[in-house]
Amino acid sequence: MPDSTVRVAVNGFGVIGKRVADAISLQHDMELVGVADVASDYRVRVAVERGHRVFAATGEAGEEMDAAGIPVAGTMDDLLSQVDVVADCGPKRLAAANKQRYQAAGVKAIWQGGEKHELTGYSFCAQVNYAGAVNRDFARVVSCNTTALSRTMHALHRRGWVKRARAVLLRRGTDPVDSHAAGMINTVVPETKVPSHQGPDAQTVIPDLDITTLAGAGPFNLAHIHFAMVETTRPVSVDELRDALWDEPRIAFVRAGDGVVAMNAVVELMRDLDRPRGDMWEVAVWEDALAADDREVYLTFQVHNEAIVVPETVDCVRALTGIEVDGAASIAKTDQSLGVTKTFLPATTQPIAHVTDADVAHPGIAAVRAAHARFAEVGFKGSEEPTDDAST
Ligand SMILES: NC(=O)c1ccc[n+]([C@@H]2O[C@H](COP(=O)([O-])OP(=O)(O)OC[C@H]3O[C@@H](n4cnc5c(N)ncnc54)[C@H](O)[C@@H]3O)[C@@H](O)[C@H]2O)c1
């Protein structure tokens, strides 16, 4: 592990980029050098308020920022000359065009789920395939829905339980920031392409996962919701299902029995917990909606599309730059810094655990548990840590 911190740029300070920038700023082993955008509106002004150095992504944008009184730290080339890695959070499809620019600058790059797998050849979800991204030049953090499917299905797939998975997902109609421009009302729009892209996309992360997804969009902007039915290779009990999900990082339970009866209640819970922007980085699985029969298990979960990929992007920075080769340790550092939890209400709602010895012996589970325990106990001190500690 290098002594110095890695220098990071965020290109595109929108829904995802502003959250990634804030999260990078919290990491002890990273320095946010600056953010780039083309806009001069309130969102970029907030970047200045937060103390981020703002770079103009294009010459024209620089002139507009100057005219709007936004202090411009430099051009995109200036920014790229000062960083090791860029998290490109620009608009989908547009961001892909930056690849040559990053290559020419000798900068590693991370794209988001709006880009195709082929752009980087590596689709990333930290708890599934961190190791394969270590020291790569480019990777793509998969989309919000694919991240949620990867996390939940990985919990089952790593145990050899998945014969065939099917999921129906209802996407938010638009993001809150765009609700005035693209809100839908009193309707649900089914996708006519079957399978919807999320299933094949999950296979770019878990190649041998047999999964089919159907999708639609509804008149809400808070989150997405998934209903998954997984045909299992043997009868799996609800207790086993609960334990498998409990042992997977970045999945947390909510309960209708606690009054968390709907999408809005999950959002209210995040607000009440003083999450920044009400963000939920975890997949929220309804514990009291878990079900099983002899052939299948059933899960219902909520995905905060604006937030779920943020910890993944932070981990991807560590993987590409090689400052942390142990995925479990990176997950633990990121989770510690953001406040990602397994239990939203630990003081009053204890998890019901039925963990078997075989589960605990699983190296992936044991590593994440050990890393979480270590960082919870000592706190993450980044480069002040003994260099051999993070890889144990
Ligand atoms: N919004 C979501 O729910 C969500 C969830 C997961 C992944 N993603 C993915 O994240 C990526 C970003 O999506 P978003 O929702 O944050 O988009 P967004 O539109 O909110 O943000 C994009 C930002 O890029 C800026 N921009 C536009 N042109 C630019 C350029 N040439 N150079 C630099 N910046 C430029 C815009 O001004 C804006 O601030 C996409 O790939 C998207 O598919 C989005």
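The values are calculated or read from the model by the stated rules, or taken from the named source; none is laboratory data. Since the model is a prediction, treat every value here as computed from it, not as a measurement. We place every Cβ from the backbone using ideal geometry, glycine too, and count neighbours over all the protein chains shown. The protein model used for the area step is the full one, side chains on, heavy atoms only, and it has no ligands, DNA or RNA in it. Shrake-Rupley method; radii C 1.70, N 1.55, O 1.52, S 1.80 Å.
Worth a mention:
- Each residue in segment 182-203 was checked for being in contact (Cβ under 8 Å) with a residue 40 or more places away in the chain and either open to solvent by 50 Å² or more (accessible area, probe 1.4 Å) or more than 16 Å from the ligand (Cβ to nearest atom) (or both), and 1 of them qualify.
- The listed residue being of a type in the set (A, V, I, L, M, F, W, C) and modelled with pLDDT under 95, out of V177, V134, V168: V177
- Residue list for segment 123-153, filter: outside the structural domain of V285 (by TED's automatic domain parsing) and more than 16 Å from the ligand (Cβ to nearest atom): Q127, V128, N129, Y130, A131, G132, A133, V134, N135, R136, D137
- Residue in segment 268-281 that is modelled with pLDDT under 95 and surrounded by fewer than 24 Cβ atoms within 10 Å (Cβ to Cβ) present: no
- Restricting segment 160-181 to residues that are open to solvent by less than 50 Å² (accessible area, probe 1.4 Å) and within 24 Å of P235 (Cα to Cα), the residue that is nearest to the ligand (Cβ to nearest atom): A167
- Wholly within segment 49-122, helices (runs of 4 or more DSSP H) carrying at least 1 residues that are in contact (Cβ under 8 Å) with a residue 40 or more places away in the chain and either among the charged types (D, E, K, R) or within 13 Å of the ligand (Cβ to nearest atom) (or both): 76-80
- Among the residues of segment 12-48, those that are over 23 Å from the mean Cα position of the chain (by Cα) and either near the ligand (Cβ under 10 Å from one of its atoms) or buried (at least 23 other Cβ atoms within 10 Å of the Cβ) (or both) comprise V38, A39, S40, D41.
- Of the residues in segment 26-46, at least one is outside any loop (DSSP other than H, G, I, E, B) and among the aromatic types (F, W, Y).
- The lone criterion from (1) surrounded by fewer than 23 Cβ atoms within 10 Å (Cβ to Cβ); (2) charged (D, E, K, R); (3) modelled with pLDDT of 95 or more left unmet by D3 is number (3).
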